[in-house]
Amino acid sequence: MTTTAQPAAPRKGSARLDYVDVARGFAVLFMIQWHCVHAWLRDGWRATTGYEIAQTFGGFAAPGFLFLAGAGVSLRFAAEERKGIPARKTALAVAKRGAIVLVLGYALRAQFAIVSGAARNLLRFDVLQVIGLSMAIGAGLALLLRALPRHPVRMLLVGLLVFLATPLIARAFPADTPAWLTAPIVRPAGQQITGNLALFPLFPYLGHLLVGMVAGVAWDRGSRGNAPGRVVWVGTLVGLLVCGACFDRSPLYPVLARLMPGPDGGAALRYLSRDAIVMLSVGLSWIVARWTGPLGRVIGDLGKASMPVYWIHLSIAYLVPQRKLDPTMTTLATLALTASMWPVAWVRLGPYERWIRRLRGRGRGSERAPIASATRPE
């Protein structure tokens, strides 16, 4: 398919970074395809290469959401500093937002527990929980270290420390420690994912958010300096170099793994490589946002409405009774569910957003509530 669309000029006065929305939209697409394959594909097809590919792409979603949430935190700190809002007040607002995301995560777990009849679902520390808690911790660290927006390297070092500390913390817990106790913190070495309780522990996923906060500072500086593209492409190049160096078949990998402190230096490199892949996706998202017209807008809308899309597609994939499917039918069903999420995004960004703005406007006199932007994380 060819297109004659020209690169879209940045909108004056817009605080939104469209390529960040598109990058989050790609994470949404990876998430949907993996949940559908995991929920619907027959067991006999799970040893195939196609299933492994779906699992690999699905594995990029959670680090991507954490990374981009961290970028959103930095963008908010920078925007509110320019308005003269004290950093302490911004950190408190981000922490409150993180608490809301955490509560929504457990509300979703309660829904699954009620419908499925499995009370253990309430204890699962899932992706919304780790995003919410990490946002609050990241905001506190930004205030404590005075890292945003002037000293982002401090946050990068803390993020790398989280990656390095993860194997050490994992070994500090015996393998027979109850999963419900360790699920929010780390997965102990040798412990299986019992009852799906420990999929997204704070270590190492907090590190992805902290590294993303560093990227957010760079993107903010690029947008203010009228060189957003240059910053994105420098970040993409850095991501490519880091990804190549951290790839386990790279000649540099054994050297870097030995240089890393701790019992498993390769683990830190694997975590860092996921952030490098997110940086590569941001470069792709820049192209999509500027050259693909409606396609970029649709993917960006999915990114902006990631919360309701996550909630609704997950409920359909896992709670609606269905038969197990072969690969062809699973693919068709996945495409159908993915397409059905765009109307969800339209309602969230259209009628629902206008309704919320009217409510806020009534509560604040003539003040109109701003549309959620990249400086205010979804």
query = For the chain, which DSSP H helices look membrane-span-like by this rule: Cα extent along the axis of 24 Å or more and mean Kyte-Doolittle of at least 1.6?
reply = 127-145, 152-172
query = Could you give the nm distance between label points at Val103 and Leu157, where each point is 7 Å from its Cα heading toward the beta carbon?
reply = 3.7
note = For segment 71-291, the Kirkwood Rh over every pair of distinct alpha carbons, in Å, works out to 18.7
query = If the cut-off is 16 Å between C-alpha atoms, which aspartates and glutamates fall inside it for Lys83, apart from same-chain ones fewer than 8 positions away?
reply = Asp220
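Please arrange Trp40, Trp291 by counting, for each residue, the other beta carbons lying within 10 Å of its beta carbon, fewest first. Mind showing how you got there, number by number?
Working: Trp40 20, Trp291 14.
By the 10 Å Cβ count, ascending: Trp291, Trp40.
Given the Cα-Cα distance of Leu332 and Arg357 and 0.36 nm per residue of separation, how much length would full extension add, in nm? Present the calculation step by step, with values, prior to reporting the outcome.
Details: separation 25, 0.36 × 25 = 9.00 nm, distance 3.73 nm.
So the chain would gain 5.3 nm between Leu332 and Arg357.
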ask   = Once a ≥ b ≥ c are taken as the square roots of the eigenvalues of the Cα gyration tensor of segment 69-160, is the result rounded (a/c under 1.5), prolate (a/b larger than b/c) or oblate (a/b not larger than b/c)?
value = prolate
key: Options Gly98, Leu133, Pro86, ranked by Cα towards positive dipole end of segment 82-134, top entry (Cβ charges)   = Pro86
key: Net dipole in debye of segment 73-174 [+1 Lys, Arg Cβ; -1 Asp, Glu Cβ; about Cα centre; nearest 20]   = 240
task = Using just the helices of the chain, give the 222 nm mean residue ellipticity in deg cm²/dmol: DSSP H runs with n ≥ 4 each add -39,500 (n - 2.57), and the total is spread over all residues, rounded to 500.
result = -24000 deg cm²/dmol
remark   = Quick calc: nm separation of the 7 Å Cα→Cβ label points for Leu122 and Arg82 -> 4.6
task = In a Gaussian network model over the chain where Cα atoms closer than 10 Å are linked, find which of Leu123, Leu102, Leu295 has the largest mean-square fluctuation.
result = Leu295
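Starting from the alpha-carbon convex hull of the chain, give the projected area averaged over all orientations, in nm².
Values: hull surface 82.3 nm².
With the hull built on Cα positions only, its mean projection is 20.6 nm².
Cut-off is 10 Å between beta-carbons; in what order do Phe247, Phe173, Phe163 appear when sorted fewest neighbours first?
Details: Phe247 15, Phe173 18, Phe163 26.
Lowest to highest Cβ neighbour count: Phe247, Phe173, Phe163.
Can you sort Cys243, Cys36 by how many other beta carbons sit within 10 Å, fewest first?
On the way: Cys243 19, Cys36 25.
The fewest-first ordering by Cβ neighbours comes to Cys243, Cys36.
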query = Which cross-chain or sequence-distant (5 or more) residues have an amide H under 5 Å from the amide H of Leu325, H modelled 1.01 Å from N in plane?
reply = Leu41, Arg42
ask   = Length gain on complete extension for the stretch Leu92 to Ala339, per 0.36 nm per residue less the alpha carbon to alpha carbon distance?
value = 85.2 nm
ask   = If each of Val320 and Arg258 carries a label point 7 Å out from its Cα toward its Cβ, how far apart are those two points in nm?
value = 5.5
inquiry  = Beyond 12 Å, how much of the Cα-Cα pair distribution for segment 126-183 remains, as a whole percent?
reply    = 74
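Calculate, for Leu240 and Thr177, the FRET efficiency according to 1/(1 + (r/R0)^6) with r their C-beta to C-beta distance and R0 22 Å; round to the nearest 0.05. Please list the in-between numbers first.
Numbers: r = 39 Å, r/R0 = 1.77.
Taking R0 as 22 Å, the efficiency between Leu240 and Thr177 is 0.05.
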ask   = Dipole size in debye (nearest 20) for the chain around its Cα centre, Lys and Arg Cβ +1, Asp and Glu Cβ -1?
value = 1420
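Taking 0.36 nm per residue of sequence separation and subtracting the Cα-Cα distance, how much length would be gained by fully extending the chain between Leu295 and Glu52, in nm to one decimal?
On the way: separation 243, 0.36 × 243 = 87.48 nm, distance 2.72 nm.
Taking 0.36 nm per residue and subtracting the Cα distance, the gain is 84.8 nm.
Using only alpha carbon pairs under 8 Å that are at least six residues apart, calculate the relative contact order of the chain and give it in whole percent. Provide the component values of the computation, followed by the final result.
On the way: 572 pairs, mean separation 107.2, N = 378.
Relative contact order comes out at 28 percent.
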request  = Rounded to the nearest Å, what's the spacing between the alpha carbon centres of segment 296-366 and segment 120-194? Just the number, please.
outcome  = 28
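Each value in this text was obtained by applying a stated rule to the coordinates, not by laboratory testing. Values in this document were obtained by computation on a predicted structure and should not be read as measured data. In this analysis, Cβ positions are derived from the backbone assuming ideal geometry, glycine residues included, and neighbour counts consider all displayed protein chains.
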